[in-house]
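Beneath this line is the structure, given in structure tokens, with notes to follow.
The values are calculated or read from the model by the stated rules, or taken from the named source; none is laboratory data. What you see is a predicted model, and the numbers here were worked out from it, not measured in a lab. So basically every Cβ, Gly included, is an ideal-geometry build from the backbone, and we count neighbours across all protein chains shown.
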Amino acid sequence: MIEPCKFLERHGFKVTYLPVDEYGLVDPDSVRKTITDKTILISIMHGNNEIGTIEPIADIGKIARDAGVYFHTDAVQTVGHIPTGVNELGVNLLSMSAHKLYGPKGVGALYIRKGTRLSPLIHGGDQEKGRRASTENVPGIVGLGKAVELAQQEMTEEAERLSFLRDKLITGLQEGIDHSRLNGHPVNRLPNNVNVSIEYVEGESMVLNLDLEGICCSTGSACTSSSLEPSHVLLAINLSHELAHGSLRFSLGKWNTEEDIDKVLNTLPGIISRLRAMSPLVKKP
Amino acid sequence: MPDPTSLYSEKVMEHFRNPRNVGDMENPDGTGHVGNPVCGDIMELYIKVNDNTITDAKFKTFGCGAAIATSSMVTEMVIGKTIEEALEISNRAVAEALGGLPPVKMHCSVLAEEALKLAIDDYLAKREKQDGENE
């Protein structure tokens, strides 16, 4: 949401950015206190893509409704993975993307509660009741519909299966690697997300070594970005630069098995001890 | 996401997988320390000098694949060189010896050059101090 907010600021809107706690949670009370009579929109993401923290959207939804302010949530990470009933969440607007639930790339959806008035971003034709000009991407829309249908059938079981694998990976990493920490909330967490920081080693060097072993994951280290700045999410939960550079994110999916988790747990400690042996941050005893 | 190893040349990956001259050095004649945790790369380079020639070099690095590969390459390049020859080694020469680096990673070769220069400066400063004491 940061970039759209910056765009709005360039057009004269005033935006308040709320802090998060050490787990990445937004405090609903801080939302309540920030609302003024000029507030027109609150937007809080449902599940964080980097650290997996699930925000208290339903609590914030009540606050927004009481204040009569439109409430939007970015549910790209959650639709099809955990319940996202728009009435339970209390949102006016919810955005989602098909490829995050095994649908086609290049298509998403915006839920708009009845009575929520929006001006279009793309002007011209009167497609989608004048909300978005241009010919509809019919194959994409059908694909998204099918992906949602399949996700609905599998979600409860799959969330349980992935949560088990996730927790096995988190526990295994914490037990197998000293000086490591979990990033994000331990319980209010996406079933498919594991994000850890490993002290004294840099993320890209771990990612490369894991890739050579056939394990794909990503890092919040600046070394993999063109900006040379580490992940703003990891800095927002108060991680030091060193720990942000030493982060690893594993995203689990439909085709991951318990053997995959065992493979990571058997492979990563060796990689880390090799990298730590060459790290000047490990002080000699 | 593209294959992360595809960013690098074969030579970079080879040095990354099998870095040369890793580790600490007992009583180095010169030490160079560059980088900081904020930027994500830290290099420490140690040299042994005998009769104006660098006889050994070792490194320790916290950083990405390119940082590790450039550290490894620069140690390989300096061993056997005179101090004057070693001062001629540029970051471009290190990058070229590795078969090139992606543009966003060129700063790693700069760190390697700086670490080497600092290690040599440290050696020269120590020698000057010693010479002063001996007089």
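Numerical summary
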quantity: Residue count for the range B:28-41, restricted to those that are modelled with pLDDT of 95 or more and not charged (D, E, K, R); calculated: 6
quantity: Helices (runs of 4 or more DSSP H) wholly inside the range B:1-98 containing at least 2 residues that are buried (at least 24 other Cβ atoms within 10 Å of the Cβ) and at the interface with chain A (Cβ under 8 Å from one of its Cβ atoms); calculated: B:65-78
quantity: Residues (free of Cβ contacts under 8 Å to residues at least 12 places away in the same chain and either within 30 Å of A:LEU252 (Cα to Cα) or of a type in the set (Gly, Ala, Ser) (or both)) located in the range A:84-129; calculated: A:GLY85, A:ASN87, A:HIS99, A:LYS105, A:GLY115, A:SER119, A:GLY124, A:GLY125
quantity: Yes/no for A:ILE261 being over 22 Å from B:LEU7 (Cα atoms), part of a helix (DSSP H, G or I) and in the same structural domain as A:GLN174 (by TED's automatic domain parsing); calculated: yes
quantity: Top-ranked residue in the range A:228-258 [being part of a loop (DSSP other than H, G, I, E, B) and more than 17 Å from A:CYS217 (Cα to Cα); ranked as farthest from the other protein chains (Cβ to nearest Cβ)]; calculated: A:ILE237
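Table: residues versus (1) among the hydroxyl-bearing types (Ser, Thr, Tyr); (2) at pLDDT 95 or above; (3) under 20 Å from A:LEU165 (Cβ atoms); (4) touching a helix residue (DSSP H, G or I) at 6+ places or on another chain (Cβ under 9 Å).
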{"position": "A:HIS185", "(1), (2), (3), (4)": "no, yes, yes, no"}
{"position": "A:SER218", "(1), (2), (3), (4)": "yes, no, yes, yes"}
{"position": "A:SER221", "(1), (2), (3), (4)": "yes, no, no, yes"}
{"position": "A:HIS232", "(1), (2), (3), (4)": "no, no, no, yes"}
{"position": "A:HIS241", "(1), (2), (3), (4)": "no, no, no, yes"}
{"position": "A:HIS245", "(1), (2), (3), (4)": "no, no, no, yes"}
{"position": "A:THR257", "(1), (2), (3), (4)": "yes, yes, yes, yes"}
{"position": "A:PRO269", "(1), (2), (3), (4)": "no, yes, yes, yes"}
{"position": "A:ARG274", "(1), (2), (3), (4)": "no, yes, no, yes"}
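Conditions tested, residue by residue: (1) assigned by TED's automatic domain parsing to the domain that holds A:ASN48; (2) of a type in the set (A, V, I, L, M); (3) within 28 Å of A:ASN87 (Cα to Cα).
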{"position": "A:ARG132", "(1), (2), (3)": "yes, no, yes"}
{"position": "A:ASN137", "(1), (2), (3)": "yes, no, yes"}
{"position": "A:LEU162", "(1), (2), (3)": "no, yes, yes"}
{"position": "A:HIS185", "(1), (2), (3)": "no, no, yes"}
{"position": "A:ILE215", "(1), (2), (3)": "no, yes, no"}
